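Here is the structure we will look at, set down as structure tokens.
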Amino acid sequence: MSAIPPCPKCESIYVYEDGTNLVCPECAHEWNPNEVIVDPDAIILKDAVGNLLAEEDKVTLIKDLKVKGTSLVLKVGTKAVIKRFVDADHDIDCKVDGHGQMMLKSKFVRKQS
């Protein structure tokens, strides 16, 4: 007998099978256990050419970027590693080679292959 997982909404252990779906009698939530669960709060970003980005991806800059408040300019081809995604105007928190932690916009980077 296979173990049935608890309800993802209310964590109830009284889940039962109904055909291919699982049903929770306590909150009436129904789901297919074979489908991939997508977190609705997850931030999905694409680079300048449409590749999906993930945390820990290595990216390169596609244009020169002036760093606000300084005379520093990040040149085309500068490499960076994505640390995390942020729900803001500058949506990537990354470590830029030779310059440290910075926030960048995903439209100015390209994923390295």
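The values are calculated or read from the model by the stated rules, or taken from the named source; none is laboratory data. All values derive from a computational prediction rather than experimental measurement. All Cβ positions, even for glycine, are placed from backbone atoms using ideal geometry, and neighbour counts span all protein chains on display. Keep in mind that these areas ignore ligands, DNA and RNA; they rest on the heavy atoms of the full protein, side chains included. Shrake-Rupley method; radii C 1.70, N 1.55, O 1.52, S 1.80 Å.
Taking the structure as given and computing log10 I(q)/I(0) by the Debye sum over Cα atoms at q = 0.09, 0.11, 0.15 Å⁻¹, which label from (1) -0.42, -0.54, -0.69; (2) -0.28, -0.41, -0.72; (3) -0.34, -0.48, -0.77 fits? Among (1) -0.42, -0.54, -0.69; (2) -0.28, -0.41, -0.72; (3) -0.34, -0.48, -0.77, the one calculated here is (1). About its Cα centre, the dipole of the range 18-77 is roughly 880 debye, where the only charges are +1 on Lys and Arg Cβ and -1 on Asp and Glu Cβ. Name the longest site-free stretch of the chain, where the excluded sites are trypsin sites (Lys or Arg not before Pro) in a DSSP loop with no more than 16 other beta-carbon atoms within 10 Å. Looking at the chain, 10-62 is the longest stretch - no exposed trypsin sites (Lys or Arg not before Pro) with at most 16 other Cβ atoms within 10 Å. Among the lysines of the range 21-103, pairs that are 8 or more positions apart or on different chains and have alpha carbons within less than 20 Å of each other number 20. Summing Cβ point charges (Lys, Arg +1; Asp, Glu -1) relative to the Cα centre of the chain gives a dipole of roughly 1260 debye.
What residue among LEU74, LEU65, LEU22 has the largest mean-square fluctuation in a Gaussian network model of the chain, using Cα springs under 10 Å? Most flexible of the set in this elastic network: LEU22. Modelled this way, with points 7 Å down the Cα-to-C-beta line, the labels at ASP18 and ALA3 are 2.5 nm from one another. Rolling a 1.4 Å probe over the protein heavy atoms gives the range 1-96 an accessible area of 71 Å² per residue.
Heavy-atom surface analysis with a 1.4 Å probe gives the chain a carbon and sulfur content of 51 percent of its accessible area. The label point for ILE43 and the one for HIS99, both projected 7 Å from the Cα toward the Cβ, are 1.8 nm apart. Name the most mobile residue of VAL76, VAL36, VAL67, meaning the one with the largest mean-square fluctuation, in a Gaussian network model of the chain with Cα contacts below 10 Å. Evaluated over the chain, the most mobile residue of the options is VAL36. Here the range 74-113 is treated with +1 on each Lys and Arg Cβ and -1 on each Asp and Glu Cβ, and its dipole about the Cα centre works out to around 240 debye. Taking the chain as a Gaussian network of alpha-carbon nodes connected by springs under 10 Å, the highest mean-square fluctuation of the residues ASP18, ASP91, ASP41 belongs to ASP18.
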